[in-house]
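The values are calculated or read from the model by the stated rules, or taken from the named source; none is laboratory data. Note that the coordinates shown come from a computational prediction; the quantities given were computed from them, not determined experimentally. Cβ: placed from backbone, ideal geometry, glycine included. Neighbour counts: every protein chain shown.
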Amino acid sequence: MSEVLRISTFNPPGVVYGFGTRHLDWERLRSLYPDHTIAQLRQVHSTRVLETEGEGDGIFTTKRGKLLVIKTADCLPILLADKEGKVAAALHAGWRGLCGGIIPQGLRALREKGFPPEKLLVALGPSIGPCCYRVGEEVRECFKNSGLPYRFHGENLDLPTTARLHLLGLGVAEVHTLPLCTHCHPDLFFSFRRGDKKSRMLSFIGLVDIK
Ligand SMILES: [Zn+2]
């Protein structure tokens, strides 16, 4: 029973991270990282990116010992760190966030802190896949008007590829993907579309001392 999934190619130095499955709850997460404080957001499908807890959908830190947590069940969790383990960030990205530009907002916030995209490594976690994410015309309209790249397969939006296009288009060094659909894997994931209206997976990233 996997509690936490990671991507073998995404290992920034001085960083701890994971994509929690449905088998990782808050209590277990705290027990895995007893020396960390936890920071989370009141997520509202916005494009707001903050350095402290509050209402928004992106959070970043340059402090060690702070675990940034994003909650999802079909939306895409995006974890970011720089190549030297000096900054960590987490974004919550559904279609509204991506279409509104949460990725450019997040990258702008990190650039202002001294971390340009070319120094950043990114991991995309499990989300609803293009196999299952049929969306209405308003979603396509939103992307058409956004000026941002996007990818559909017929009537289905491809969230991870859309995020990847945004990240690479803005010059991020590496994007790693965990290509698992939350809707297709009820044993591992909650899925809003499948009926999990309240339960969320916990994805997290934080900075630790480099040994
Ligand atoms: Zn699927």
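Observations on the model:
- Residues in region 202-209 include none that are without any contact (Cβ under 8 Å) to a residue 60 or more places away in the chain and over 13 Å from the mean Cα position of the chain (by Cα).
Matching residues to (1) within 15 Å of the ligand (Cβ to nearest atom); (2) in contact with a Ser or Thr (Cβ under 6 Å, 6 or more places away or on another chain); (3) modelled with pLDDT of 95 or more; (4) part of a helix (DSSP H, G or I):
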residue: Cys99; (1), (2), (3), (4): no, yes, yes, yes
residue: Val122; (1), (2), (3), (4): no, no, yes, no
residue: Glu141; (1), (2), (3), (4): no, no, yes, yes
residue: Lys197; (1), (2), (3), (4): no, no, no, no
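- For the residues Ser191, Ser203, the requirement of being in a strand (DSSP E or B), hydroxyl-bearing (Ser, Thr, Tyr), in contact with a strand residue (DSSP E or B) (Cβ under 9 Å, 6 or more places away or on another chain) and crowded, with 21+ Cβ neighbours inside 10 Å singles out Ser203.
- Looking only at region 174-188, residues that are near the ligand (Cβ under 8 Å from one of its atoms) and modelled with pLDDT under 95 come to 0 in all.
- Set side by side, the residues Ala173, Ala123 differ, and just one is touching a strand residue (DSSP E or B) at 6+ places or on another chain (Cβ under 7 Å), of a type outside the set (Asp, Glu), surrounded by fewer than 16 Cβ atoms within 10 Å (Cβ to Cβ) and touching a residue at least 24 places away in the same chain (Cβ under 8 Å), which is Ala173.
- For region 145-153, the criterion of being free of Cβ contacts under 8 Å to residues at least 12 places away in the same chain, more than 17 Å from the chain's Cα centre (by Cα), loosely packed, with under 15 Cβ neighbours inside 10 Å and more than 25 Å from Phe10 (Cβ to Cβ) is met by at least one residue.
- Close pairs (7 angstrom Cβ cut-off, 6 or more residues apart or separate chains): more than 16 Å from Thr177 (Cβ to Cβ) in region 1-18, of a type in the set (Gly, Ala, Ser) and not in a loop (DSSP other than H, G, I, E, B) anywhere: Glu3/Gly20; Val4/Gly18; Val4/Gly20; Val15/Ala81; Val15/Ala88; Val16/Gly206
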